[in-house]
1. Checking the cross-link filter: which lysines have an alpha carbon closer than 21 Å to that of Lys86, excluding same-chain neighbours under 8 positions apart?
2. Per residue of the chain, what 222 nm ellipticity follows from adding -39500 (n - 2.57) for every DSSP H run with n ≥ 4, rounded to the nearest 500?
3. Suppose a student asked you for the relative contact order of the chain, using Cα pairs under 8 Å spaced at least 6 residues apart; what percent would you report?
4. Suppose a student asked you for the relative contact order of the range 89-197, using Cα pairs under 8 Å spaced at least 6 residues apart; what percent would you report?
5. Using the Cβ atoms and a cut-off under 14 Å, what net charge is assigned to the surroundings of Ala185, where Lys and Arg are +1 and Asp and Glu are -1?
6. If exposed trypsin sites (Lys or Arg not before Pro) are those in a DSSP loop with at most 11 other Cβ within 10 Å, what is the longest stretch of the chain that has none?
7. Among DSSP bridges having both ends in the chain, what percentage is antiparallel? Round to the nearest 5.
8. Taking only Cα atoms and a 10 Å spring cutoff, compute GNM fluctuations for the chain and point out the largest among Leu133, Leu21, Leu11.
Amino acid sequence: MRQVTVSRNTLETQITITLNLDGTGISKFDTGVPFFEHMLDQVARHGLFDIEIKAVGDLHIDAHHTVEDVGITLGQAFAQAVGDKKGIVRYGHSYVPLDEALSRVVVDLSGRPCLEYDCEYTRAMIGGFDVDLFGEFFRGFVNHAAISLHIDNLKGKNAHHQAETIFKALGRALRMAVEHDPRMAGITPSTKGTLVG
């Protein structure tokens, strides 16, 4: 199984993440940031990844460092779990609706970090969570997973729905990208012969 445990400790946060790419969607979170955990649960459930996250951060200041550093550590775990990428699909995409909201996420496990993130949230706070922090999470994740990630919220009037469609679509797109392709068994899905850097 493609399962790893990664720890990252700084003066601001102490984080341990266990990730199983071949799981069943089981999640366990202890970050102190409830709405963020609700979004991470969408990635686990719809990506069929087992994810356990324990994070202790400087929440007496705000959630910025915790959310960003979870993104960094989850990116590191993802990169390790995917491994050399031989025999995988590599690309993934998903459109996910939730009532009036609709988002599209497209991913390439290219070995090169690139984030294109376009969402105009209809309000700045969701249940006490600052929506600006989603961008910090995605940047941390992309830079350390070394993937290209395009996120577009195509429509939406409810900020909660906008965020939820993005995270559900992220889970489904990543799930597609990491799936084994029987026609590519043992082969790196790149004409360069590598997907590292």
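1. Once the sequence-local lysines are set aside, what remains near Lys86 is Lys192.
2. Theoretical 222 nm ellipticity from helices: -11500 deg cm²/dmol.
3. Value for the chain: 27 percent.
4. Details: 213 pairs, mean separation 46.9, N = 109.
Dividing the mean separation by the residue count of the range 89-197 yields 43 percent.
5. Details: positive: Lys85, Lys86, Arg90, Arg183; negative: Asp84, Glu179, Asp181.
Charge balance in the 14 Å sphere: +1.
6. 1-122
7. 80
8. In the Gaussian network model the winner is Leu11.
The values are calculated or read from the model by the stated rules, or taken from the named source; none is laboratory data. Keep in mind that this is a model prediction, so the values were computed, not measured. Positions of Cβ are backbone-derived with ideal geometry, glycine not excepted, and every protein chain shown enters the neighbour counts. Only protein heavy atoms, including side chains, enter the accessible area calculation; ligands, DNA and RNA are left aside. Shrake-Rupley method; radii C 1.70, N 1.55, O 1.52, S 1.80 Å.
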